[in-house]
Amino acid sequence: MRRIQAGNALSAFGLGFTVPYLYVYVAQVRDLGATTAGAVLAVFAMAALVALPFTGRVIDRRGPLPVVVGGALLASVGAAGMGLSSSVPAVVLSAALLGAGTAVMQPALATMIVWCSDTSTRTRAFAMQFFLQNLGLGIGGLIGGHIVDESRPASFTLLFGIEAAMFLVLAGITLTVRLPRSLSLQDAMPENAEAKAKGGMRALFRHKAMVQLCVLGFVLFFACYGQFESGLAAYGTEAAGIEPATLGTALAANTAVIVAAQFLVLRFVERRRRSRVIAAVGLIWAVAWIAAGYAGLGHGSQAMATAAFISTYALFGLGEAMLSPTVAPLVADLAPESMVGQYNAAFALVKQLALAVGPAVGGPMGAALHGPYVVTFALFSLGITVLALRLGKQLTPVQDQPSLATVGKSRVVVMHKPETEAGDGDGAEAEQTGSKQAVAAQRVASAH
């Protein structure tokens with residue numbers, strides 16, 4: 001698990017070097033124009049949408065490790081090509097390789113985490129993954145910002161070279177991982193896995209709780225992540241008069257809240273129902289949108305508007321910190337052991353769709369329809385609360401609150417066996433019973 005998390009953090013560090021500057025690099029540094037830059041971003045997203053439907057089946061048939069290695073190598077080639085490209089076809093092809101490589105790694109890494117954890121440790125494992133991803137992205141973006149120079153294309157080539165190297169490091173670390181394969185996991189990989197995989201997606205669509213979780217996931221990513229760098233940024237600059245530099249401060253506040261609050265929030269989340277936690281996130285994000293409305297539509301000073309706008313991003317960060325130990329582990333707990341990869345890939349596909357649709361809808365609204373934009377996404381946030389509470393009715397008690405399984409395992413009732421018969425084995429039996437009682441007593445004491 002430590003190796004998986006370290007590789008994941010380093011790849012996020014590499015992405016942080018380039019993601020904030022991709023548009024500027026294509027449009028201005030390589031002088032290919034805004035249209036080409038927009039096409040590159042679209043290809044980056046579309047490559048993920050094309051690759052993800054096939055990823056889950058490969059993970060379940062071949063295991064997640066070769067998928068992570070293959071995706072990392074593909075992304076490394078794409079990153080290196082992006083840094084060296086100076087023509088439209090080369091930039092678009094590199095973006096496709098980079099987008100497909102990074103997309104297929106997500107469900108494969110999630111499946112590796114599932115294989116290395118159980119119900120009691122999975123929540124903390126996914127929280128750690130989210131924490132390290134944001135820390136890596138933040139540090140990478142900060143260092144990259146001090147390296148880039150629009151007048152020197154070589155500085156961008158260096159950034160993409162570092163990104164490519166980080167993907168190779170991820171592939172190298174992954175190759176050293178020896179995944180635990182329990183008996184149940186081995187049994188989940190029958191010889192006719194191909195036939196089983198073909199019916200896998202039909203089984204997923206028949207799984208009512210998973211379908212509801214996918215709908216909820218789409219709304220989550222559409223109403224939050226899909227607005228960060230599109231609609232909300234356009235709204236802030238147009239309606240609230242926010243300076244472009246302040247957008248960076250707002251994103252930094254978002255990352256800072258996630259990094260600072262992740263493990264404090266985790267202690268709160270671990271003992272509570274997942275559906276209630278997600279419902280609370282919807283309420284927090286509704287407040288965030290109200291703060292955004294005040295920033296753009298209120299009549300306060302510019303300083304108050306700026307503070308309210310930064311608070312919007314901070315509140316989004318608090319909600320993200322609550323979601324990271326909740327949603328991804330729930331996907332894993334809903335999945336049959338033979339379909340963990342397909343469930344993770346399906347949810348990643350839903351996320352990618354939301355991230356593609358979100359900017360397309362939110363961007364024009366945030367720039368021109370300020371009041372309707374805020375009201376619409378505040379209502380979407382309240383919809384998250386409603387959908388989460390409905391989802392809770394489809395979950396078993398342990399799926400909704402994994403801590404119940406831990407309590408159930410640790411609280412052992414000691415049953416005393418009366419001495420009704422005497423025989424040659426009385427001494428051994430009494431010793432064995434006493435030993436079991438001592439162990440059980442120890443467990444009860446530790447549970448309390």
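The values are calculated or read from the model by the stated rules, or taken from the named source; none is laboratory data. All of these numbers come straight from a predicted model, not from anything done at the bench. Heads up, the Cβs are rebuilt from the backbone with ideal geometry, glycines too, and the neighbour counts pull from every protein chain shown. The area values use the complete protein model at the heavy-atom level, side chains included, leaving out ligands, DNA and RNA. Shrake-Rupley method; radii C 1.70, N 1.55, O 1.52, S 1.80 Å.
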What residue, among those in the range 189-226 that are in a loop (DSSP other than H, G, I, E, B) and of a type outside the set (A, V, I, L, M, F, W, C), is modelled with the lowest pLDDT? 190
Across the range 143-157, which residue is farthest from residue 31 (Cα to Cα) among those that are open to solvent by 20 Å² or more (accessible area, probe 1.4 Å) and touching a residue at least 12 places away in the same chain (Cβ under 8 Å)? 143
Residue 119 passes all but one of (1) open to solvent by 40 Å² or more (accessible area, probe 1.4 Å); (2) more than 15 Å from residue 340 (Cα to Cα); which number fails? (2)
Does the range 145-188 hold any residues that are among the acidic types (Asp, Glu) and either within 26 Å of the chain's Cα centre (by Cα) or modelled with pLDDT under 75 (or both), and which are they? 150, 163, 187
Anything in the range 63-95 that is closer than 22 Å to residue 153 by Cβ, touching a Phe, Trp or Tyr at 6+ places or on another chain (Cβ under 8 Å), surrounded by fewer than 24 Cβ atoms within 10 Å (Cβ to Cβ) and at pLDDT 90 or above? List them, or say none. 80
Select, from 267, 272, 276, the only residue that is open to solvent by 30 Å² or more (accessible area, probe 1.4 Å) and either at positive phi or assigned to a loop (DSSP other than H, G, I, E, B) (or both). 272
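Residues in the range 391-408: is at least one part of a helix (DSSP H, G or I), modelled with pLDDT under 80, exposed (fewer than 14 other Cβ atoms within 10 Å of the Cβ) and out of contact with any Leu (no Cβ under 6 Å at 6 or more places or on another chain)?
The answer is yes; a qualifying residue exists.
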Determine whether the range 23-40 contains at least one residue that is under 19 Å from the mean Cα position of the chain (by Cα) and farther than 18 Å from residue 157 by Cα. no
Looking at the range 107-135, which of its residues are in a helix (DSSP H, G or I), over 11 Å from residue 5 (Cα atoms) and more than 13 Å from the chain's Cα centre (by Cα)? 114, 115, 119, 120, 121, 122, 124, 135
Where residues in the range 227-276 are closer than 24 Å to residue 41 by Cβ and among the aromatic types (Phe, Trp, Tyr), which of them is modelled with the lowest pLDDT? 228
Inside the range 299-324, can you point out the residues that are over 14 Å from residue 232 (Cα atoms) and either among the polar types (S, T, N, Q) or free of Cβ contacts under 8 Å to residues at least 60 places away in the same chain (or both)? 299, 300, 301, 302, 303, 304, 307, 322, 324
